[in-house]
Amino acid sequence: MYADLKKGFKIKPDPVILSIESSCDETAAAVVRGGREILSSEIISSCSEHIRFGGVVPEIASRAHTTAVSEVVKRAINASGVDLTDIDAVAVTYGAGLLGALLVGLSYAKALAFSLGVPIIPVSHIRGHLAAAYLADKTLEPPFISLLASGGHTAVIEVKKVDEFRLLGGTLDDAVGEAFDKVARTIGLEYPGGPNIEKLAEEGKNAIALPKMLKGDGGYNFSYSGLKTAVVNYVHNAKQHGQTFSKADVARSFQCSAIDVLVEKSLKACGECKLNTLTVGGGVAANGYLRKRLDEECKKAGIKLVLPPKILCTDNAAMIGAEGFIQYEKGNFADLGLNAKARVDLGQNI
Ligand SMILES: Nc1ncnc2c1ncn2[C@@H]1O[C@H](COP(=O)(O)OP(=O)(O)O)[C@@H](O)[C@H]1O
Ligand SMILES: [Mg+2]
């Protein structure tokens, strides 16, 4: 039924992959060589269009992608120093994310791959966040422990091979980034909540007693819903009693509670799995306090920390190219029937 873009491609040793990402409010394209070398990475964000709504509006995001996608691909090609005809494959995020948003990138990628006569590689956004570490450290090889801390997922993962994972634990309810965003809204900070909490926390003290979450307990699982509710209750209680409170202290106290447990469980996983490399991925990995705490604790424990630059932690297409390379080497290509998926669950093998 569909033109076959799955078979008959020769796997090249050092492929130049054009990658496209459109799962949320960033339209991104990158050119990555051999899965490790970023030739270009471009982002057009519709973030500012969502601020007045307090969060990403799917329809606005989709429309923004339709106007940005060809421009961002053009920029990525121009900045990379290669021609479109040098592209060996097109990698694209098929999920998880907003369906309408994903479909824009997916449709563009299919049309481009078809017209160039190159394979199309479907990439999981979650795996993309994990693969950002390979761009940060070109010598990185499994096994290692990876902390995934994003808007939709929170997990500690043993990476056994590039495509073989063991999920040690994950969140039982909200993801850490989601908690940042909800707490931000509670104290009147604009979207996106994470960076705004971080900024305000710099002026505050860790002075408010908040639940310990599953710190020191619960194996490798996390629970952010109780922490979020405790903050909401603290704020509402103060308002009802006409008491003033420091938003900066709320931000700082929340940030410490939310992050300390991530650090503790990541280090524990390295110890228990006897692995001395830790990588981090996902938007929350851009948080300065998390980065500092991980750096301190890994130094103390003699663990090598691979911390991608902030721009590779938040949504970008270079990480999709890095994961696309892993899939390319296995010949995991899609045909033109490839569809978008809103959810990609963290199974045992992600
Ligand atoms: N500096 C930061 N501190 C804390 N959280 C952050 C920071 N920057 C981004 N985030 C959070 O990261 C999340 C988005 O990250 P991302 O990995 O793209 O999520 P997902 O891919 O699951 O949608 C948002 O919840 C945002 O608030
Ligand atoms: Mg993301």
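Laboratory data are not the source of any read-out in this text; all were calculated from the coordinates shown. Since this is a predicted model, take the numbers as computed values, not measurements. Every residue, glycine among them, receives a Cβ derived from its backbone with ideal geometry; neighbour counts consider all protein chains shown.
The table below lists the values:
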| read-out | value |
| --- | --- |
| For the chain, with +1 on Lys and Arg beta carbons and -1 on Asp and Glu, the positive-most of Ala175, Leu338, Leu189 along the dipole | Ala175 |
| Neighbourhood net charge (14 Å Cβ-Cβ; Lys/Arg +1, Asp/Glu -1) for Cys298 | +3 |
| Cut-off under 5 Å, modelled amide H: who pairs with Leu168 long-range | Val156, Ile157, Glu158 |
| Rounded to 5, the percent of DSSP beta bridges in the chain classed as antiparallel | 60 |
| Nearest-20 debye value, region 291-339 charge dipole, Cβ charges on Lys, Arg, Asp, Glu | 440 |
| Inter-label distance, nm, simple model (7 Å from Cα along the C-beta direction), Lys205/Cys47 | 3.1 |
| Farthest toward positive dipole pole in region 1-98 [+1 Lys/Arg, -1 Asp/Glu at C-beta], among Gly95, Thr66, Pro15 | Pro15 |
| Centre separation in Å (Cα based) which lies between region 36-90 and region 275-346 | 19 |
| DSSP-defined beta bridges in region 141-310 - what % are antiparallel, rounded to 5 | 60 |
| Net lengthening on full extension, Lys10/Ala111 (0.36 nm per residue, minus Cα-Cα) | 34.3 nm |
| Using a Förster distance of 35 Å, the FRET efficiency for Glu329-Ala79 (Cβ separation, nearest 0.05) | 0.90 |
| Dipole magnitude of the chain about its Cα centre (Cβ charges: Lys, Arg +1; Asp, Glu -1), debye to nearest 20 | 540 |
| Stretch gain in nm, segment Asp173-Lys138, where the contour uses 0.36 nm per residue and the Cα spacing is subtracted | 9.2 nm |
| Protection-proxy order for peptides 136-145, 119-128, 233-242, 98-107, each taking the mean of Cβ atoms within 10 Å per residue, highest first | 119-128, 98-107, 136-145, 233-242 |
| Mean ellipticity per residue at 222 nm, deg cm²/dmol - from DSSP H runs of n ≥ 4 across the chain, formula -39500 (n - 2.57) | -13500 deg cm²/dmol |
| Cβ-Cβ FRET estimate between Asp163 and Phe245, R0 fixed at 30 Å, reported to 0.05 | 0.05 |
| Computed magnitude of the charge dipole of region 141-310 (debye, nearest 20; Cβ of K, R +1, Cβ of D, E -1) | 260 |
| Overall form of region 25-150 per C-alpha gyration tensor (a/c, 1.5; a/b vs b/c) | oblate |
| Under 5 Å, built H, 5+ apart or other chain: amide partners of Val306 | Leu278, Thr279, Val280 |
| Residue-count net charge about Ser124 - beta-carbon cut-off 13 Å; Lys, Arg +1, Asp, Glu -1 | -1 |
| Distant-in-sequence amide H partners of Asn332 (H built 1.01 Å from N, under 5 Å) | none |
| Under Karplus coefficients 6.51, -1.76 and 1.60, residue-wise ³J(HN,Hα) of region 199-205 in Hz, glycine/proline x | 5, 5, 4, 4, 8, x, 10 |
